[in-house]
Amino acid sequence: MPQKWVWYTRIDDTIIVGAMPFKSMIEDLKGENVGGIVCCVEEFEWRYGSSLYDVMTPKDWAAENIRFHHIPIEDFTGYLPTMDLSGQIERPKVHKAINFIDEVAGEGKSVYIHCKAGRTRSVTIAASYLMHKYDYFPNVAWELVKKLRPQARIYSPQWRMLNEYRRYLDAEKSGRLERFDVLKSESSSLD
């Protein structure tokens, strides 16, 4: 365990990873040039937290002119649905979050990626972003995040998510993305 538990950590010039932000943190986050939020908690977590702990909600972010992207990931399981309601594979939700980060970075702003404790879900998205931005392998991206944020932890579901995203990036880079989507659709129909 880390010697000192920090609420948030800057990972690179674009992303900051942390725990669920409180309203009292808004000036600190503005000082970090935050222009976007990637929220990795399920909706009930921020709804419940906003009434008990004064955490920021999408409405609060909008009032501060800070963009908000929600990618709900189940705590502990790392479950992230990748199918739309008709059962068709859609562009992976992780990549949508990464595109959001790129858009905000293109405006010269940083992005605060958070889950409840800033240990697992948010660091998984941060590692995914590093894989996208620097073409890192999952283990390299994870080691960088872990070095900067020692309290970070990932487990089998998060490793699966990172490896799946690496395969997606490789398929996209090689022009095999359509084939990748067909294979994913076929394998999910076997379940």
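Which residues, taken from region 97-151, are within 14 Å of the chain's Cα centre (by Cα) and in a loop (DSSP other than H, G, I, E, B)?
Residues satisfying the conditions are Cys115, Lys116, Ala117, Gly118, Arg119, Thr120.
For region 4-34, which residues satisfy the criterion of being touching a residue at least 24 places away in the same chain (Cβ under 8 Å), farther than 26 Å from Lys133 by Cα and surrounded by fewer than 17 Cβ atoms within 10 Å (Cβ to Cβ)?
Passing the criteria: Trp5, Phe22, Lys23, Ser24.
Checking the structure you have, find out if any residue of region 158-169 is touching a helix residue (DSSP H, G or I) at 6+ places or on another chain (Cβ under 6 Å), free of Cβ contacts under 8 Å to residues at least 12 places away in the same chain and not polar (S, T, N, Q).
no
When you check Ile154 against the structure, is it assigned to a loop (DSSP other than H, G, I, E, B) and hydrophobic (A, V, I, L, M, F, W, C), yes or no?
yes
Check whether at least one residue in region 71-79 is among the aliphatic types (A, V, I, L, M) and modelled with pLDDT under 80, and report yes or no.
Taking every residue of region 71-79 in turn, none turns out to be among the aliphatic types (A, V, I, L, M) and modelled with pLDDT under 80.
The values are calculated or read from the model by the stated rules, or taken from the named source; none is laboratory data. All values derive from a computational prediction rather than experimental measurement. Using ideal geometry, Cβ is built from the backbone for each residue, glycine included, and neighbour counts are taken over all protein chains shown.
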